[in-house]
Amino acid sequence: MADENNNEAEEHVEPEELDAERAEAAREELGDETIVEMLRQMVLIRRFEEHAGRSYQRRKIKGFCHLYSGQEGIAVGSLQAAEDDDYIVGHYRDHGHALAAGMDPEVVMAELFGKKTGCAGGKGGSMHLYDVERNFMGGWGIVGGQVPLGGGLAFALNYRGDEAVAIAYLGDGAIHQGVVHETFNMAKVWGLPLVTIIENNQYGMGTAVERVSSTTKLEKKGASHQIEGEAVDGQDVFEVYDAVKQARQRAIEEGEPTLLHLRTYRYYGHSMTDPATYRGKDEVQKQRDLRDPIVRLRNWLVEEDILSQDEIDEIDDEAEQTVKEAIEFADESDFPDRSALTSNVYVDWPAEID
Ligand SMILES: Cc1ncc(C[n+]2csc(CCOP(=O)(O)OP(=O)(O)O)c2C)c(N)n1
Ligand SMILES: [Mg+2]
């Protein structure tokens, strides 16, 4: 007999579908292979973060560590729209951007483990990933501090006359920092090719965005500087891709900076030491069930007969294997030598200046 209190059937929810028209247009433009590669990257980031979390609990990773799970569609969608000469600069929740930018998972994991084989020789750690060859300019721990760096990079591109943009990522908490607004003003006045991406994961540490912001329409935060803003579903990888591509074009063709407000969600606590008591488990579960960027892309790929369930499982297994190898590499690598304490602290004074 049906039990009134048993609403299990009602609780079963279908994830939101990706915008069909946009997905079809992306398919035309990018092709199936590239889209499958985007899924691969998102899954790799998800598995990487799961293992990073476990390694932290095993005390293999120490210090600060902020996981990106739930936000993968942003790093992957936005960097798919970026070109090789673009500069990328971001916040401390940077593992996903580093991997989406093409950094080797072994080198990234080794940096998290503090090993000398890491991208910053083990001296930067989780918050300070860096890869100059890929124009990935970090990984920064000062909230909002990366935005003026993005402005400086955009200035350099403009000055040199390069056809490229600087993409700066920041959180919903960081948008209120003074330096962000100083940068917006200069970017507009000087016509800098700066694409600023707010990753609104709904919280700044334990504080919900609506408690600290004069408006939750964060795309309006550049309005007083006459900066074009756009709200984007950060859990739809194609919508992210489109928005960044257009913003890039506007920056290059019209010298107009853009502020994109991407709504997303983080699944774990702010950092590894945050038990996340400020939100209910049901809230997190609802986001996972309804809006997960990986599930939504997978469902679309299966629906369109681009991938079978077996192929999707294979992608998962491959990512798991890649991350396990990265863990092994990091574990077996050495810690930096004692002499590394004083290296790379100051730049060498260029001879031509003397
Ligand atoms: C200038 C500065 N103030 C405060 C902090 C401490 N702090 C670290 S993360 C954080 C919250 C930032 O939240 P948000 O910008 O939404 O990014 P998220 O962690 O959600 O990705 C704060 C206040 C800091 N690192 N730098
Ligand atoms: Mg946030």
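Since every read-out is calculated from the coordinates, none of them should be taken as a lab result. As the structure is a computational prediction, the values presented were derived from the model and not from experiment. For neighbour counting, all protein chains shown are included, and Cβ atoms are generated from backbone atoms with ideal geometry for every residue, glycine included.
With a threshold of 20 Å on the Cα-Cα distance, the over-threshold entries among Lys60/Lys324; Lys60/Lys123; Lys188/Lys221; Lys60/Lys286; Lys286/Lys324 are Lys60/Lys286; Lys286/Lys324. Placing +1 on the Cβ of every Lys and Arg and -1 on the Cβ of every Asp and Glu, with nothing else charged, gives the chain a dipole about its Cα centre of roughly 2260 debye. The ranking of Val180, Val143, Val212 from fewest to most other beta carbons within 10 Å of each one's beta carbon is Val212, Val143, Val180.
Each residue of region 280-285 is assigned a 3J(HN,Hα), and the resulting list reads x, 5, 5, 5, 5, 4 Hz, derived from the Karplus form 6.51 cos²θ - 1.76 cosθ + 1.60 (θ = phi - 60°), x at Gly and Pro.
Around the amide H of Gly204, modelled in the peptide plane, lie the amide H atoms of Val209, all under 5 Å away and 5 or more residues distant in sequence or on another chain.
Could you tell me what percent of the DSSP beta bridges with both partners in region 20-331 are antiparallel, to the nearest 5? Mind showing how you got there, number by number?
Details: 3 of 27 bridges.
Antiparallel: roughly 10 percent of the beta bridges in region 20-331.
Using Cβ counts within 10 Å as a stand-in for footprinting exposure, how do Trp300, Trp349 rank, fewest first?
Fewest-to-most ranking of Trp300, Trp349: Trp349, Trp300.
Taking the Cβ of His128 as the centre, find all other residues whose Cβ is under 13 Å away and add up their charges (Lys, Arg: +1; Asp, Glu: -1). Result for the neighbourhood of His128: -1. Electrostatic tally near Phe329: other residues with Cβ closer than 11 Å to its Cβ, Lys and Arg +1, Asp and Glu -1, net -4. Between Pro257, Pro193, Pro15, where does the largest GNM mean-square fluctuation fall for the chain, given springs only between Cα atoms within less than 10 Å? Among Pro257, Pro193, Pro15, the largest GNM mean-square fluctuation belongs to Pro15. Residues in region 129-137 carry Karplus couplings, in order, of 6, 7, 8, 5, 5, 9, 6, 8, 8 Hz; the curve used is 6.51 cos²θ - 1.76 cosθ + 1.60 with θ = phi - 60°, and Gly or Pro positions show x.
Placing +1 on each Lys and Arg Cβ and -1 on each Asp and Glu Cβ, with no other charges, gives region 204-351 a dipole about its Cα centre of roughly 1380 debye.
Taking 17 Å as the straight-line reach from the Cα of Lys220, the aspartates and glutamates in range (excluding those fewer than 8 positions away in the same chain) are Asp172, Glu182, Glu199, Glu210, Glu228, Glu230, Asp233, Glu256. In the elastic network of the chain, a GNM with C-alpha springs shorter than 10 Å, the most mobile of Lys221, Lys324, Lys286 is Lys286. For Tyr87, the residues whose modelled amide H falls within less than 5 Å of its own, excluding neighbours fewer than 5 places apart on the same chain, are Val165, Ala166, Ile167. Over the chain, DSSP H runs of length four or greater, each weighted -39,500 (n - 2.57), average out per residue to a 222 nm ellipticity of -14000 deg cm²/dmol.
Taking other C-beta atoms within 10 angstrom as a stand-in for reagent exposure, Ile198, Ile294, Ile252 fall in the order Ile252, Ile294, Ile198, fewest first.
The phi-based Karplus calculation (6.51 cos²θ - 1.76 cosθ + 1.60; θ = phi - 60°) puts the 3J(HN,Hα) values of region 213-218 at 10, 5, 8, 8, 7, 5 Hz, whole numbers, x for Gly and Pro.
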